[in-house]
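Following: one structure in structure tokens, then a few remarks.
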Amino acid sequence: MTFDKFHKIIKECDTVILYFNNTQTYALEVTKTVKNRHGQQVPHVFQSMYGALKVESLVGLQFGCRVQLATGAGYIFYPTPELWTLTLPHRTQILYTTDISMVIARLNIGPGSVVCEAGTGSGSLSHAILRTVGPTGHLHTADFHEQRWLAAADEFKRHGLNDRVTTYWRDVCTLGWPVTEVADAVFLDLPRPWLALPHAVNAVKLNGGRICSFSPCIEQVSRTCELMRSLGLQNVTTLEVLTRELQVLHSDMPVIDITPDDRPNLKELEMSAGESDAKRPKLSADIESSQEGSEDCNVTESEKSDLSAIALTKEVPSPIFNGEGRTKSKSILSAYPKLTQAGHTGYLTFCIVPPGLPRPVSTPVV
Amino acid sequence: MEDPCSISTISDGCWVVFQKGTYLKLTKITQKPYMLGKRRESVSIHLSSAIGQPYGSTFQMVCSNDKKRIYYLQCLTWEEISNYDLKRETANEASAFDNRNLLGDGSSQKLTMEEIMALKKSGASGEEVIQAITANSTTFSSKTKYSQQKYVDKKGKKHAELIVIHKPTIDLIAEAMFFQGPRTVSYLRPDSLYQLLSYSNVYPGSRVAVYDSGTQGLVTAALLHRLGAAGRLVHVYAGEKALKYTYFTSAVTAMNFDDDTFSALSFLHINRLHKVKKPEKTLDTTLEPLVIDPRLLRPDAPMDVTDNGTQEQPHGKRKHDQDEKADKPCARRKAPLMELYMELKNHGGRCMHLSETWLRELQVLPERTHPLVNMSGGGGFLLTGTKVCDEDQK
């Protein structure tokens, strides 16, 4: 009974969100007992990676509080439709918040709106619609699958949304909705949306409204758009919307110390090593000056040439490869795109039902 | 209470969204003519002739004065609109299989610009002009059927006279404003705005605070619409006191809200935030608190908002940020939001997400479906998160 009206303290039968991190987020119903797979009532204990949580113990705590478990801590969040979408039990594929936001806004749903939806599915979009229409609005949602219909109806009841939703076990493609000329907006998520489209127009108020159809495949969209235009629906628009999520974190970036250096480089040294001895003292001096305190070293001329030979093979002090430059790094705040992300969910097709549009088919018999 | 949105006819002084083809503009119905188009080809339309017709009606521009190019609007019935569409069909015209015989030497159109202008001035309808143009195009018949359709549609955009006057709903306002110049709404693309509305969990009757600057009140208007008369919206502002009144010339005004809905809106200067008192009575029955910052503040500033809001109602507050900076054209930056992300994470922010949305529109026509050639490169970054209880409050 949490979705209908906000409250601060967790009560029995509330649905709550247990949040550990962005991938470990769970919806729990605060009950004393729960049915196990043998159909027996057993104490409701949630087993998480961080230990067991006796769900009943949440009663009386306030939303947003921290719960300490055996090996880690989580937080209890108020169930917003967005969090519900992330945690709900899947009975079908669902719509996610990116698409849902687009649907609700472009269908112009607001307080008091009357919306028709098909099919109900797992109720992801339904919860977001019910939040936005509020207690003065209404959602008529239909699904042709009996078990899904029953499960959704039960869920709405448990979430305290019963007053603002009517669920139907019904195939809207053949029968349409039991209500006509009442809806401000109609949403279709059906395999063959074009069959339900004339019924959708019938459901819309006479002074106009909006229709949206969600389809994963372009062939469905193509057929739907063609029918929309021929029914006289206006502003037929098809779009895709995706979220690009960025991971924000501090990371180290190596810093290369670039200081101008006029000393001969490796190749030149190699070449000069093979040349006459006359040039050699100059080379040695070169290395000498680069090595601190080497002037103080008591080395003979021959030792100096040995030294230069060593330098040639491995230890030429180059500004790029000196030890100091290698350890230098600075911390930067960065945002990384995810390695994989959703590339396609579905096409959203929107259209406007103009006022006074003739209704395509006669009112279906209930 | 009569919902203002249920008033469905265009009235004098109300705001409307004017649509001609893909052109969208937010405007007000007045007795003054509405100027449309560039200087040389501009026309003036008397929008007041639409008064009394239902919102969403389609109108035909009818010329009332040839010389001054003044038009008034005539409401079309459904039959007239469908006839209008039928005339555009090029089904009976001769067409080619492909474009092998098509030559682009610039000489295909026999009508000159002056002749077309003269034809328009003589009172010919848009459709007649289009027909004259296609009839005088020597290459029209050697175009493919699809190409012909495209040609007619292109000419239609310029010469057609059908317009639609919509009720200003938040999606149309957001689109019209973004269409007219993304800069005027700090590059807040409509889809980003819609994400913001979802993640802020705003519902009828909730209590919301908003810092909204540089979007012509678009975010404020959208929130007010979702809240309804039962909600409370505190508009937190910075700078001059007078600034807050500019909202009454913007998206908030354009929504034609009734007085009840308007009374849900109040203003609070950001320097007065510390004076917000914690309500004395227990909060069990009150509504969920929210702070939405649709615009990026400096990292120190929003924390004030958060802290005070927390003091007021400590639970699960959400805080949103839309990265925008009004003064600079390169406003779609994410760096400030990254900093804010870290800052909020250290101050009780959980379930934090930094994201941006990607939006692509498609042309869907038989055998010609493809994404539109141009798309928006960015519509702003969004930071969302949930504020949890302070440890000592548990």
> Between residue B:353 and residue B:157, what length in nm is gained on full extension when 0.36 nm per residue of separation is reduced by their alpha carbon distance?
Replying inline: 66.4 nm
> If we sort A:39-52, B:43-56, B:136-149 on the protection proxy, mean other Cβ atoms within 10 Å, highest first, what's the order?
Replying inline: B:43-56, B:136-149, A:39-52
> Percent of alpha carbon pairs in the stretch B:4-165 separated by more than 20 Å?
Replying inline: 56 percent
> If you average the sequence gap of Cα pairs under 8 Å that are 6 or more apart and divide by the length of the stretch B:4-165, what percent do you get for the contact order?
Replying inline: 25 percent
>> Within 10 Å of each Cβ in A:234-243, how many Cβ atoms from other chains are there, averaged over the peptide?
In response: 6
> Alpha carbon centre of the stretch B:114-183 versus the stretch A:119-198: separation in Å?
Replying inline: 40 Å
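If a/c stays under 1.5 just call it rounded; otherwise compare a/b with b/c (prolate if a/b is bigger, oblate if not). Do that for the stretch A:131-186, with a ≥ b ≥ c from the square roots of the Cα gyration tensor eigenvalues. The partial results should precede the final answer.
Values: a/c = 2.77, a/b = 1.08, b/c = 2.55.
Here the stretch A:131-186 falls in the oblate category.
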> Can you flag which of B:20/B:334; B:110/B:157; B:121/B:167; B:32/B:154; A:205/B:32 are past 24 Å Cα-Cα?
Replying inline: B:20/B:334; B:121/B:167; B:32/B:154; A:205/B:32
> How do A:240, B:367 stack up against each other in accessible area, from largest to smallest, with a 1.4 angstrom probe?
Replying inline: B:367, A:240
> Considering only protein heavy atoms, what is the solvent-accessible area of residue A:35 at a probe of 1.4 Å, reported in Å² to the nearest 10?
Replying inline: 140 Å²
> Looking at the square roots a ≥ b ≥ c of the eigenvalues of the Cα gyration tensor of the stretch B:162-206, which shape do they give, rounded for a/c under 1.5, prolate if a/b is larger than b/c, or oblate?
Replying inline: oblate
> For the cross-link pairs A:338/B:345; A:5/A:157; A:54/B:387; B:38/B:68; A:8/A:54, which exceed 18 Å when the distance is taken from alpha carbon to alpha carbon?
Replying inline: A:338/B:345; A:54/B:387; A:8/A:54
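List the GluC sites (Glu not before Pro) in the stretch B:89-152 that DSSP assigns to loop (not H, G, I, E or B) and whose Cβ has at most 12 other Cβ atoms within 10 Å. Which are they? Can you show the working numbers first?
Working: sites: B:89, B:93, B:114, B:115, B:127, B:128; in loops: B:89, B:93.
Within the stretch B:89-152, the qualifying GluC sites (Glu not before Pro) (loop, at most 12 other Cβ atoms within 10 Å) are B:89.
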> For residue B:98, what accessible area in Å² do you get when you roll a 1.4 Å probe over the heavy atoms of the protein chains, rounding to the nearest 10?
Replying inline: 50 Å²
> Taking each residue of B:349-359 in turn, how many C-beta atoms of other protein chains fall within 10 Å of its C-beta, and what is the average?
Replying inline: 6
> Hey, can you rank B:177-187, B:74-84 by average C-beta count inside 10 Å, highest first?
Replying inline: B:177-187, B:74-84
> What list of ³J(HN,Hα) couplings, whole Hz, do you get for the stretch B:191-201 from phi and the Karplus terms 6.51, -1.76, 1.60, once you set θ to phi - 60° and write x for glycine and proline?
Replying inline: 5, 5, 4, 5, 4, 4, 5, 5, 5, 7, 6
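Let me know the mean shielding of B:217-223 by other chains, meaning the per-residue number of their Cβ atoms within 10 Å of its Cβ.
Partner Cβ neighbours, averaged per residue: 0.
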>> Given the whole protein assembly as supplied and a 1.4 Å probe, what does the accessible area of residue B:389 come to in Å², nearest 10?
In response: 10 Å²
> Taking the stretch A:133-232, which trypsin sites (Lys or Arg not before Pro) meet the DSSP loop condition and have no more than 15 other C-beta atoms within 10 Å?
Replying inline: none
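The values are calculated or read from the model by the stated rules, or taken from the named source; none is laboratory data. This one's a predicted model, so the numbers in the text were calculated from it and none came from an experiment. Neighbour counts are summed over all protein chains in view; Cβ atoms, including those assigned to glycine, are modelled from backbone coordinates with ideal geometry. Heads up: the accessible areas ignore ligands, DNA and RNA and are worked out on the full protein's heavy atoms, side chains in. Shrake-Rupley method; radii C 1.70, N 1.55, O 1.52, S 1.80 Å.
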